[in-house]
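The values are calculated or read from the model by the stated rules, or taken from the named source; none is laboratory data. All of these numbers come straight from a predicted model, not from anything done at the bench. Here the Cβ positions follow ideal geometry from the backbone for every residue, glycine too, while neighbour counts run over all protein chains shown.
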Amino acid sequence: MHDDEAMLLALVLILTAAPRNDARLVGNWNMEGRPFLTLNADGTGTMVGDALKWRTDGATLLLLDEDGETDRVPFRVEGDTLTLNVSGVNMSLTRAGKAAKVGKTPAATEQPARNDELSRLLLSSNWCWLRYANGNSYTQKVHFAPNGTWQDFSESDIYVSNPNVVAQATGNRSGGGQWQVKNGQLWLSSPDSPQLQPVQLSVTRNSNGYPIINADGREYSMCN
């Protein structure tokens, strides 16, 4: 075999062995009109400004961040809408330059997402709830991100003592979804409720003047 033929054969083998990404994902994707995800044809991209590499494996999007961590995210493409299933929560993205399909037109009085007083407060800090009773502790930390997602991390430390048994148990749980403020009202989605739902919430001040968020019967204060 001549050298030229060998080189041509090697090139064909390389091209046929290379992973084939789903071309439908290539482009810029917005969440609620704001840039969120960019996937380039060469397998590079960004998510909320952070560099990444990507490829597809069937209906799964593999995202490799700069730390070498890989996330496997199931996806679905329907026209100009990309739906990502992140930790059980569906996130709907729209191709840049295309209008998102919604069931109704937002009222003109609605404030821009994350540019109102409540949104700025939620984004200003993590928010923590703590309960301590009978030697048991329960904590929850909630983080609101500018890209419209939220996460919470809960931990319980339970101590049981009686004449028959002495035991201690620690539990951890995390959750999350999407968030939005409409006309001063906080709306959240969660793995159990993929659609945005209103949250009964009020804001008060403690004796030092710091804000306290009251929601679902719990008081959340600013934390790291």
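Counting the residues of segment 45-73 that are touching a Ser or Thr at 6+ places or on another chain (Cβ under 9 Å), within 22 Å of R34 (Cα to Cα) and either of a type in the set (S, T, Y) or modelled with pLDDT of 90 or more (or both) gives 4. Once segment 176-200 is narrowed to residues that are free of Cβ contacts under 8 Å to residues at least 40 places away in the same chain and in a strand (DSSP E or B), the residue that is farthest from M222 (Cα to Cα) is Q197.
Just a yes or no: is a residue in segment 162-181 at pLDDT 80 or above, under 14 Å from the mean Cα position of the chain (by Cα) and among the hydroxyl-bearing types (S, T, Y)? Checked segment 162-181: no residue is at pLDDT 80 or above, under 14 Å from the mean Cα position of the chain (by Cα) and among the hydroxyl-bearing types (S, T, Y). Yes or no: segment 141-151 includes at least one residue that is surrounded by 11 or more Cβ atoms within 10 Å (Cβ to Cβ), of a type in the set (F, W, Y) and either in contact with an Asp or Glu (Cβ under 6 Å, 6 or more places away or on another chain) or modelled with pLDDT of 90 or more (or both). Yes, because at least one residue in segment 141-151 is surrounded by 11 or more Cβ atoms within 10 Å (Cβ to Cβ), of a type in the set (F, W, Y) and either in contact with an Asp or Glu (Cβ under 6 Å, 6 or more places away or on another chain) or modelled with pLDDT of 90 or more (or both). Could we say that R131 is over 24 Å from N28 (Cβ atoms), over 21 Å from the mean Cα position of the chain (by Cα) and modelled with pLDDT of 80 or more here? Yes. Pairing each residue of segment 71-86 that is in the same structural domain as D57 (by TED's automatic domain parsing) with any residue that is aromatic (F, W, Y) and in a strand (DSSP E or B), provided the two are 6+ apart or on different chains, yields C-beta distances under 8 Å for L82/W29; L82/F75; T83/F75; L84/F75; N85/F75. Comparison of T83, T38 shows that the only residue that is surrounded by fewer than 16 Cβ atoms within 10 Å (Cβ to Cβ) and modelled with pLDDT of 55 or more is T83.
Listed by first and then second residue, the pairs linking a residue in segment 119-136 that is within 14 Å of G184 (Cα to Cα) to a residue that is part of a strand (DSSP E or B) and of a type outside the set (V, I, T), with Cβ atoms under 7 Å apart and 6 or more places separating them unless they lie on different chains, are L121/P211; L122/F144.
A quick yes/no check of all residues on (1) within 18 Å of N126 (Cα to Cα); (2) outside the structural domain of L130 (by TED's automatic domain parsing); (3) surrounded by 12 or more Cβ atoms within 10 Å (Cβ to Cβ); (4) touching an Asp or Glu at 6+ places or on another chain (Cβ under 9 Å):
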position: V181; (1), (2), (3), (4): yes, no, yes, yes
position: S193; (1), (2), (3), (4): no, no, no, no
position: Q200; (1), (2), (3), (4): no, no, no, yes
position: S207; (1), (2), (3), (4): no, no, no, no
position: Y210; (1), (2), (3), (4): yes, no, no, no
position: I213; (1), (2), (3), (4): yes, no, yes, yes
position: R218; (1), (2), (3), (4): yes, no, yes, no
